[in-house]
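Notes to accompany the following structure.
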Amino acid sequence: MTETLLTQSSRGETTCTARIHTLYPHFTRADRAIADLTISYPTAVASFSSRELGRRCGVSEASVIRFVRKVGYEGLSAFREALLQEVASSKSPVTAPFSPEDSPTDVLSKVVSLCSQALQNVLTVLDVDELARAVEAISAAECVHLFSIGGSMRIAQLSAFKLMRMGYLATAHPDVASQMTQASLAGPTAVAIGISFGGSNKAIVDVLAEAKESGSTTICLTNFAGTPITEISDIKLVTGTPGGLMAANLSPSRVAQLAVLDTIYNLIGPRKGGLQSNEA
């Protein structure tokens, strides 16, 4: 199943750590121990044998091999080579954990580095064919409905505002009951966009399913492949932000979401009477 998820969510150029970030919810406890060590110390992990890696993570050699295959590599040698190539190209710089001893400059540097890594992951994880399909669907839609809750709601509301400034009819209701009503009335000329970092929030998955039932084209913007929201969506935009499930409300996840949406704004262009996308 995991190999299928990788095929659906990547273009074959996804970095090793980006693959790990994207598949994190599907990992077992043993997988996560290996994943966490790999993300924090990729150079060191690239030098370990399966026995040494298993010992340091407190798991068996068999668990190491299973993990390597889950993230899309035939064996440990290919996995280690991919890690070394990634470190050499500096596509995913390693950021040390935050510490109480950090100065303001240290913290700022780490936040910027994490945001930079999140954007780099978007470049390697996001399927550009799916992005093109999203642009085509939104460009042709009579109305765009954005569905989300919690921290993602601010992203949805900002998106609706930008789309309206560009001449599109767009909505982003703040409560789930209103969203469900809007979804049931959307119809085949609308596009429904569900924004959910984890991709498993039942309320948003149910709203998007209702929009799909009404005939709308459904698009999800999420961080992980193979989650409930991707299963219900016609078009899947996966970001692969680092940090696992706990990163939902951190700056890198929001930066990644905004980068994808800003790309869409610039590709669809304004409608007659709307402002230019870079003015919206």
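The residues on offer are 78, 132, 137, and the sole one that is crowded, with 19+ Cβ neighbours inside 10 Å and either part of a helix (DSSP H, G or I) or not assigned by TED's automatic domain parsing to the domain that holds residue 199 (or both) is 137.
Among the residues of region 57-70, is any of a type in the set (Lys, Arg), in contact with a His (Cβ under 8 Å, 6 or more places away or on another chain), at pLDDT 85 or above and within 28 Å of residue 257 (Cα to Cα)? There is at least one residue in region 57-70 that is of a type in the set (Lys, Arg), in contact with a His (Cβ under 8 Å, 6 or more places away or on another chain), at pLDDT 85 or above and within 28 Å of residue 257 (Cα to Cα).
Step by step: first the residues of region 193-213, then only those that are in contact with a strand residue (DSSP E or B) (Cβ under 8 Å, 6 or more places away or on another chain) and in a loop (DSSP other than H, G, I, E, B), then the one that is surrounded by the most Cβ atoms within 10 Å (Cβ to Cβ). Which residue is that? Applying the filter and picking the extreme gives 197.
Kindly evaluate residue 59 against the criterion of being hydrophobic (A, V, I, L, M, F, W, C) and more than 25 Å from residue 199 (Cα to Cα). Spelling it out, residue 59 is indeed hydrophobic (A, V, I, L, M, F, W, C) and more than 25 Å from residue 199 (Cα to Cα).
When every residue of region 189-199 is checked against the conditions, at least one turns out to be at pLDDT below 95 and farther than 23 Å from residue 161 by Cβ. Taking region 181-192 as the range and being closer than 24 Å to residue 224 by Cβ and either assigned to a loop (DSSP other than H, G, I, E, B) or in contact with a Phe, Trp or Tyr (Cβ under 9 Å, 6 or more places away or on another chain) (or both) as the test, the residues that pass are 183, 192. Quick one: is residue 106 more than 25 Å from residue 21 (Cα to Cα) and not polar (S, T, N, Q)? For residue 106, the condition - more than 25 Å from residue 21 (Cα to Cα) and not polar (S, T, N, Q) - is not met.
Across region 55-72, the qualifying residues are those that are touching a residue at least 40 places away in the same chain (Cβ under 8 Å) and in a loop (DSSP other than H, G, I, E, B), and the one among them that is nearest to residue 19 (Cα to Cα) is 71. Looking across region 173-192, just one residue is crowded, with 20+ Cβ neighbours inside 10 Å and of a type in the set (Val, Ile, Thr), and that is 191. Applying the criterion of being in contact with a strand residue (DSSP E or B) (Cβ under 8 Å, 6 or more places away or on another chain) and part of a loop (DSSP other than H, G, I, E, B) to the residues of region 155-172, the residue that is surrounded by the fewest Cβ atoms within 10 Å (Cβ to Cβ) is 169. One residue is enough: does region 237-254 have a residue meeting the conditions modelled with pLDDT of 90 or more, part of a strand (DSSP E or B), hydrophobic (A, V, I, L, M, F, W, C) and closer than 20 Å to residue 14 by Cα? Checked region 237-254: at least one residue is modelled with pLDDT of 90 or more, part of a strand (DSSP E or B), hydrophobic (A, V, I, L, M, F, W, C) and closer than 20 Å to residue 14 by Cα.
The values are calculated or read from the model by the stated rules, or taken from the named source; none is laboratory data. In this text, all values refer to a predicted model and were calculated from it rather than measured experimentally. Cβ sites come from the backbone with ideal geometry, for glycine too, and all protein chains shown count toward neighbours.
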